Amino acid sequence: MKSLPRRIFDFLEVYLPAAIFSVLILSVFVQVVFRYIFDQPIPQLFEISIYSFIWVIYLGGALATRYDQHMRFDLIYRKLSRNGRYVVDMFFDTLLNVIISVIIYPTIATVVQMYKLKSDTLGIPWSYLLVCFPIFLILIFIHNTISIVLKIREMAGAEKPAEETPPWL
């Protein structure tokens with residue numbers, strides 16, 4: 001049975017983006033049909049597809065961080081020892097966590113403030129679009145922290161925990 005944090009991560013990084021991606025595909029399909037077959041574009045669907053795309057990108061980025069699947073230039077990185085790679089990973093994870101710590105409060109404040117602005121065609125608050133970014137930052141912070149702790153434990157001699165299989169494999 002999966003733990004509660006893992007279920008929350010799965011919901012935010014796998015199931016919610018999958019549902020949003022379905023909305024994206026459906027809205028683009030209906031846009032194409034109405035625009036090119038019926039010659040009646042629907043601007044609301046265009047806005048839905050933009051919002052959906054942004055949400056999928058940010059939540060997918062958090063998922064990629066969870067499984068250490070982001071692209072990287074690793075020509076030199078691969079030549080390092082395991083501990084050398086861990087030190088480099090921990091340095092950049094820590095640096096990113098510091099940056100996130102600095103920007104998270106202003107980001108949340110901006111998202112809250114943007115509730116007053118409404119989207120052009122749907123008339124929904126911009127906060128609904130923008131809230132995906134603070135969620136992304138929090139998820140990245142959590143995944144980086146977990147990665148740092150696991151790497152420190154492994155470097156200290158603890159056994160490496162069994163890796164979770166990514167949902168796309």
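No lab work stands behind these numbers, since they all come straight from the coordinates. Just so it is clear, the model here is predicted, and its values are computed rather than measured. Backbone-built Cβ (ideal geometry, glycine too); neighbour counts: all protein chains shown.
Observations on the structure shown:
- Karplus (6.51, -1.76, 1.60) ³J(HN,Hα), θ = phi - 60°, over region 45-53, in Hz, Gly and Pro reported as x: 5, 4, 5, 4, 5, 5, 4, 4, 4
- Computed magnitude of the charge dipole of the chain (debye, nearest 20; Cβ of K, R +1, Cβ of D, E -1): 320
- Positive-end ranking of 129, 33, 60 along the dipole of the chain, with charges on Cβ about the Cα centre, is headed by 60.
- R0 of 45 Å, Cβ-Cβ distance residue 30-residue 113: FRET efficiency to nearest 0.05: 0.85
- Under 15 Å of direct C-alpha separation, and excluding same-chain neighbours fewer than eight residues apart, residue 118 reaches these aspartates and glutamates: 47.
- Per-residue HN-Hα couplings for region 159-167 [Karplus 6.51, -1.76, 1.60; θ = phi - 60°; Hz; x = Gly/Pro]: 6, 5, x, 4, 7, 6, 7, x, x
- Table column - 3J(HN,Hα) (Hz), region 147-152, Karplus curve with 6.51, -1.76, 1.60, x for Gly and Pro: 4, 4, 4, 5, 5, 5
- Restricting region 78-169 to GluC sites (Glu not before Pro) that sit in a DSSP loop and have at most 13 other Cβ atoms within 10 Å of their own Cβ leaves 159, 163, 164.
- Considering only 88, 19, 110, and ranking their Cα positions along the charge dipole of the chain that arises from unit charges at the beta-carbon of Lys, Arg, Asp and Glu, the one farthest toward the positive end is 88.
- The peptide list 76-87, 45-56, 100-111, 121-132, put in order of mean Cβ contacts within 10 Å with the highest first, becomes 45-56, 121-132, 100-111, 76-87.
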